[in-house]
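Here is the structure we will look at, set down as C-alpha cells.
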Amino acid sequence: MDAAIQSIGILGKTCGLPLPDEGEGETNKKAIVEILFSTLNNVKLNTKIKEKAALSLGYLCVGENFPHTSYIVNKIIATVKETKDIEIHLIMGEALVCCVQGEASPEKRDAWTTVPTEHKISYSNTSTELLIQTLNELLRMYKDPHPNLRQAVCVWLLALLKYNIERECIKEKFSSLHHAFMDFLSDDSDIVQDMAAKGLSLIHINSSQQQKELLVSSILDQFTQGRKTVPQVTSDTKLFEEGQLGKSPTNGNLSTYREICSLATELQKPDLVYYFMHLANHNAVWTSKKGAAFGFAAIAKVANDELNKYLPNIIPRLYRYQFDPTPKIQHSMSSIWRAIVPSTSKAVEQYHKEILNDITENLTNHEWRVRISCCNALADLLRINVRLNLAKCAPELLKKLFRVMDDIHEGTRLAAINTTKALSRVCVRYCDSSYGKEGEEVLQTILPVLLDIGVVNVVSSVRTVSLQTVSQLVLRAGILLKPSLVTLIPALLSTIGESENPNLSYLSNVCGTMSEARDAIDTIRAGAAKEHYATETMTKCIQYIDAEILKELMPKVIELIKSSVGFGTKITCLHFIVLLSTHFKQELQPYSGKFLNALMNGLLDRNSVVRKHNAVAIGHIVGSAKESSLEKLFKTLNTWYMERDDSTKLAIGQTFQAINNYNQEVLKNYSNIVIPLTFFAMHAQKTQENESVIDLWTELWNEITPGTEAGIKQNIEPITNILRLSLESSSWNTKAQAANAVHTLAQKLGSDIEAVVRNTLLKVLTDGLRGRTWDGKDRLLNALATLACNSKTALKENNELSTDLIQILHRESKKETLEYRRQALRAFGTVLYELNIDKFKEVYEIVQEILSMLSRKDEDESLASEERIKRDEIIKLYETIYEILGKAWPSSKDTQDKYCIEFITHYDKMFPIQPTTIQISMLSALNLFVDKLVLLTINISELSVEERGTLNLICDTFNKILKHSIGISYTRIRKEALNIALSLGRKLRFTNNNEQFDKMILIIQKVLPELLKDTEPEIRTRIIDIKEMLKI
C-alpha cells in the first residue's frame, strides 16, 4: 500500500493520469481521490502512510489541470477537526500549496535537470481563484475555538503564505492574515504561537513601507492598550494546559508575543517587533522536521544593522529581560540577546552604568515579574565583577532590596534575599583595607543603611542579611564601627534567637516530657548560639567597648534579658555578660545590682539550660557586685530553696557552684548561709527525677568543706538552726529531708555531738513525731534512732529524756499504717538494743497483736486486690518483727525466764514454714537471744533442776532449728545458723554443759559431709572454727 500510494503521487506530479475524470465500473481519477482520502481518514493506518496519501492528493493537482482540485481542497479543509497530529497538518499544508499552485508548482519540474528556483511557470487564473477561495475559507473559520481546527488553519495559512508570498492575491490578504496570526499568538498551543510568529514575520518582511507602518500601528494599538480579540469559547474549551499559566494579558500572565511587543514599545522602535518575533520564536519544529530555516540568519543580520544605534537603550532592558521568571520568555530573550550582542562581556562592561540605572529604577516596579527580573539581573551583574561605584549606588540598592525582601510575592522575596546577599559580599570585599580610601567611603555610606534600616527592620530576613553583612564588616572595618556599637550589639543579640535552627527548636518542644532528651537538645542549641556568626562578631566588638559605651549599652542589654523570649537570645545575652565580667570587672559595678535582679528571675525560667546559664552568669557577675546586692542575693536564694520546686533548687545549686568556681572568696564570705543550706539540700529524698539535683549539692558540699565530719563541726550552729527550722516546717517533704540530714549528722559526729545540739534536735524530732502519719514521717524515726544510738551515754544519764524517747517510739509502733509501723518497730528495737533497756513485754505485746492480725489476713482466701499488692510489705513486716524481738531481748533474767520458752517455741514452730528472707531475720534474732541468755552464762552445776530443764528445752530446740537451717542450701541461712552453733557451742563448753555439748557434736558430725560440699568461703571459715571448737 505504501509503495502504491507513493507511486500514484509521483505519477500524478510528473504527468496527467491516463484515466477518465470519473465514471462507474472502471478506474478513474475521482475513484483514486476517494481511495486516497479513505486512506488518509483511516485511523487504523500509521501516520507515515497517511502523510504519503495526503501528499499524493496534492501531487495529483500538479501534473495536469486536475479536474478535482477544488474537491480535494474542500475535502482537506473539511477534515480540519479530525486530528491534532502536527505532522499530518504540515503535510496537508504542503498538499494545499500544491493544489493552489497547480502546474506552476516547483514539484512539477524534472528534479534531475532543474532546480526549484529555475522552475518558472505562470499561475493560471483558476489557480489564483482557488488560492483566494482557500484563503477566504480558512480566514472565515480561524476564530472557531476548537484546538485541532486552530492548529490546522494556522499551519495551512503559514504554508500558503510562505510558498505564495510573491503573488499579488496573497499580498492583498496581508491585513487579514496579520489579524489572524495575531489571534493565533494568544492560543494555548506553543506550536500555534510559533507558527503565528513566523507568519507575522513573513508578512512584515514582504510588506511595503506604508503597509509596515499601518501594521505596526495596529499591533501597538492592540498590545500597548491591553486590547485583544477575544476568541469565542465554549464551556469545554481548554484555555490552559495543566501546570501552565495562561498567556492572556488581561489576567496578569503575559504572552510571549505581548512581551516582545512591550520590549519594542519601550525601545520606541515598534517596527522592530517583527525582527524580535522572528528571533524569539525560531522553533525547533521547522528546523528538525521540515528543515526550513525561514530566513532566521538573514533577518538577524538586518536587525543587527538597524539596532546598532539603539544599543544604549536596548541593552539595559534586554539584559534585564533575560532574567524574566517565565522560562519561555527567558529563553527567547536570551536568543535575542545572543543575536543582537556579539560580545556579552564587552557589552556589559561598556553599558554597565545604563544597566545598573535601569535595574535600580525598576527594582520596585509595580509588576512582580519586573521586580524579580531586576533582582536576578543585578545578581548576575555583581557576579561578573564589573567595577561599580558602590559608594554611590550601594545605599540606594540596599534600601530598595530591603523593600523587595518584604514583597508579597514569595519568588520575588527569595530572589531579593539572594541578590542582597550577593551585594553584601561585594560591599564587604570593597571595604577591605587594601581598597584604601575607596573602601572607607563605601563603609561610611552603607553602614547607616545597614544599622538604621536593616538591623532594626521588622522583616526577619532583612535583619539577618544586614547582621551577616555587619558581622563580616567588623572583621574588615574594626574600630570604624565603634560609634555604632550601642545599636549593633543589642541587634546582634536579638538576631541570634531569630536565626535559630527551627528543627532543633521543634525537637526540643517534642521532647518536652523527656527531660534528659530535651536537656541534651537544648545544650546543643545553646552551643550553636554561642558559635553563631553574630556571637563571634559580638565577641570581636568587645575590644572596642569603653566606659562611655557601657553607659548607653547596659540598659539595653538588661532590658533585653528581661524581655527576650527566644532561647538563642537568652543564651547569648548571658554569654555576653560573662564576657563583659571578664573584661570590665570594675566598670560593671554600677550595673551589677540590676544585672543580678534580671539574672535571678532567669533562675525561674522554664528551660533548664537557660536556668543553668543564668546561674553561670551570676557566678561571674558577683565579682563586680556590691555588698548589699550580694547579701540580698544569698538571702533570696536561701528563701527560694525552701519555697520553690526541684527545678529551682537545681538552679540554686548551680548558682552556688558557679560562684564557687569563678568567685570563691565571695562564697566563703557567705558560708554561714551556703554551707548549712548545702548540707540540708544534699539530704533530699533521692528519686529518679531529682537524682541530678542531689548529686550536684553533694558535689558542692565536697568542694566547699574539708570533709563531711569537719564541715559539720565547723558549722554546727547554723546547720542546727536550719535543721530545727526545717523540722518545724509545715511541709512534710522538708521535715523528711531535715530528718535525713540529722541522721547523717548523728552518724558523722557520733558521741562527739554537743549536748545543746543533741537536745535541740531530739526535742524537735520527738515533737515532729506527734500527730498523724504522713508520707516521709519514717525519716524522722530513722533520724531519732540514729541520734539516740549515738547519744547512749547522755541518754543513760538523763532518764527523763530517754523515757520520753522510748514512750514516743512505743507509741509510734502502734500506728495502723503497715510500712510506717514497720519502720517504727525497727527504730524502737534498735534503740532498746543500743541503750540496753528492758521493754520486751511492750514489744512482745505489739508483736503478738501484729501476728494475730497477719494470721487473720492469711486465713482469708478472698483478699482484696489492694491487700495482695501489699504482700511484699507484709513479708518485710514479718522480717522486722522477728528482727526486733532479737534486738529487744532483754538482759534481765526475770524477763528472760518469763518469755524464753515462749520465744524459742514460737521460733521453732514458725521457722520451717517461713520464706527465706524471714528465716534469715529469725536466725539473726536467735543469735542475739543466745548472746544475752543468762542461763548460758551460769555453770551447769549452779542451775536448779527447773533451770536445767528450761535450758535443755532451749538447747534441743536450737539443735532442731540448726539441723533444719544447715540443710537449706542458702548461704546466708547457713552462715547465720553456723554463727549460732559457734556461739552456743562456746557457751555450753564454758558452762560445762557436756550433755548438750555432745548433742551438738553429733548434729554437726551428721551435717558436716553436706557442709563440706559448700564452696562458699564464709561457710568454709565457719566450719573450720566449729571443728576447732568441737575438737572434731
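Pairs exceeding 24 Å between alpha-carbon atoms, taken from LYS796/LYS987; LYS562/LYS649; LYS84/LYS162; LYS975/LYS1006; LYS841/LYS960; LYS777/LYS898: LYS796/LYS987; LYS841/LYS960; LYS777/LYS898. Name the shape class, rounded, prolate or oblate, that the alpha-carbon gyration tensor gives for the stretch 313-436, where a ≥ b ≥ c are the square roots of its eigenvalues, rounded holds for a/c under 1.5, and otherwise prolate holds if a/b is larger than b/c and oblate otherwise. Judged from the Cα gyration tensor, the stretch 313-436 comes out oblate (a/c at least 1.5, b/c at or above a/b). Over all pairs of different C-alpha atoms, the stretch 612-662 has a mean inverse distance whose reciprocal, the Kirkwood radius, equals 11.0 Å.
For the stretch 39-147, trypsin sites (Lys or Arg not before Pro) meeting the loop criterion (DSSP other than H, G, I, E, B) and having at most 12 other Cβ atoms within 10 Å: LYS44, LYS120. Put simply, the stretch 1-172 fits an ellipsoid with semi-axes of 23, 21, 15 Å; these come from the alpha carbon gyration tensor as the roots of five times its eigenvalues, largest first. Run the reach check for LYS713 against aspartates and glutamates, Cα to Cα strictly under 18 Å, same-chain hits fewer than 8 apart removed. What comes back? The qualifying aspartates and glutamates are GLU703, ASP752, GLU754.
Think of the chain as a dipole: +1 on every Lys or Arg Cβ, -1 on every Asp or Glu Cβ, centred on the Cα centre; then among LEU475, LEU984, LEU55, LEU475 lies furthest on the positive end. With the helix formula -39500 (n - 2.57) applied to DSSP H stretches of n ≥ 4, the chain reaches a computed 222 nm mean residue ellipticity of -23000 deg cm²/dmol. Along the axis of the charge dipole computed for the stretch 69-188 (Cβ charges of +1 for Lys and Arg, -1 for Asp and Glu, origin at the Cα centre), the listed residues PRO147, THR128, LEU161 are led at the positive end by THR128.
With a cut-off of 8 Å between alpha carbons and a minimum separation of six or more residues, what is the relative contact order of the chain in percent?
Working: 1238 pairs, mean separation 36.8, N = 1032.
Once normalised by length, the contact order is 4 percent.
The charge dipole of the chain, taken about its Cα centre with unit charges on the Cβ atoms of Lys, Arg (+1), Asp and Glu (-1) only, comes to about 1260 debye. When the Cα positions of SER563, LEU677, LEU953 are compared along the charge dipole of the chain, LEU677 comes out farthest toward the positive end, with charges on each C-beta of Lys, Arg, Asp and Glu.
Counting other beta carbons within 10 Å of each Cβ, put TYR662, TYR321, TYR970 in order, fewest first. Display every interim value, and only then the final one.
Numbers: TYR662 20, TYR321 24, TYR970 13.
Going from least to most buried by this count: TYR970, TYR662, TYR321.
The Cα trace of the chain gives Rg and Dmax of 53.5, 166 Å, the first to one decimal, the second as a whole number. When only Cα pairs below 8 angstrom with a gap of at least 6 residues are kept, the stretch 889-1032 shows a relative contact order of 26 percent. On the basis of the beta-carbon distance and an R0 of 35 Å, LYS626 and VAL456 show a calculated FRET efficiency of 0.55. Panel note: the C-alpha atoms of the stretch 889-1032, placed on their principal axes, show extents of 43, 34, 20 Å (largest first).
A cut-off under 14 angstrom between Cβ atoms defines the neighbours of CYS98, and their net charge, with Lys, Arg +1 and Asp, Glu -1, is 0.
Translational D (Stokes-Einstein, µm²/s) of the stretch 665-749 at 4 °C and 1.567 mPa s when Rh comes from the Kirkwood sum over C-alpha pairs?
On the way: Rh = 12.9 Å.
Answer, rounded: 100 µm²/s.
Read-outs: derived from the displayed coordinates by stated rules, not from any lab. This structure is a prediction, so every number in the text was calculated from the model and none was measured. Cβ atoms come from the backbone with ideal geometry, glycine included; neighbour counts cover every protein chain shown.
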